[in-house]
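**Q** Attaching a single structure in structure tokens format; questions to follow.
The values are calculated or read from the model by the stated rules, or taken from the named source; none is laboratory data. Because the structure is predicted, anything quoted here is derived from the model rather than measured. We place every Cβ from the backbone using ideal geometry, glycine too, and count neighbours over all the protein chains shown.
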Amino acid sequence: MEAPLQQRIVGAIVLVTLGVIFIPALLDGSGYRSRQVQDIEIKEKPEFPPLKQRKVAPIPTPLEVNKQEQAKLQKTDSRQSHKKPIKSFALQVGTFGSNENAEKMRDQMREAGYTAFVHKSTSKGKTRYKVRVGPELERSVLEKIKSDLKKSKKIDAYIVNHP
């Protein structure tokens, strides 16, 4: 007999043998019971107290809500002129005539770890670019930064109101 034919016959015999061994184990039904039989406990039906008739306030529509809010705002506007705005501060570290120089200084401050920005202002027809650190709600934080900048970078900065 030729070698390829012998190999095919041996392979067929091995497959049939494996089938004879494993197929009955898979089809004996033992897995069916474990998948289908489950003990489920159902609790007794809870008893709820009877519902009482309550009068519920009507829910206003969005148009009614807007009208009510506008009426409240008008009343508060007549009572108070306006609330006091939140006061914050910034530390001005430089004033420049060109935006490029201001952005260089801003980038230096950012590299040093400070939150810096450029504020553009115009007065008497001249545009100035002011580099500021902050803003902060507490002046004491900026006082500390001011002293640090004076020691490390020899910058004489001053605190201004923001915005």
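**Q** So if I check each of ALA90, ALA3, which one is modelled with pLDDT of 75 or more, loosely packed, with under 10 Cβ neighbours inside 10 Å and small (Gly, Ala, Ser)?
**A** ALA3
**Q** For the range 117-163: of the residues being out of contact with any Gly (no Cβ under 6 Å at 6 or more places or on another chain), farther than 21 Å from ILE86 by Cβ and of a type in the set (A, V, I, L, M, F, W, C), which is modelled with the highest pLDDT?
**A** The residue in question is VAL118.
**Q** Does the range 132-148 include one or more residues that are more than 22 Å from SER88 (Cα to Cα) and either in contact (Cβ under 8 Å) with a residue 60 or more places away in the chain or out of contact with any His (no Cβ under 7 Å at 6 or more places or on another chain) (or both)?
**A** No: zero hits.
**Q** Here is a further query. Scan the range 98-112 and tell me whether some residue there is in a loop (DSSP other than H, G, I, E, B) and surrounded by fewer than 10 Cβ atoms within 10 Å (Cβ to Cβ).
**A** no
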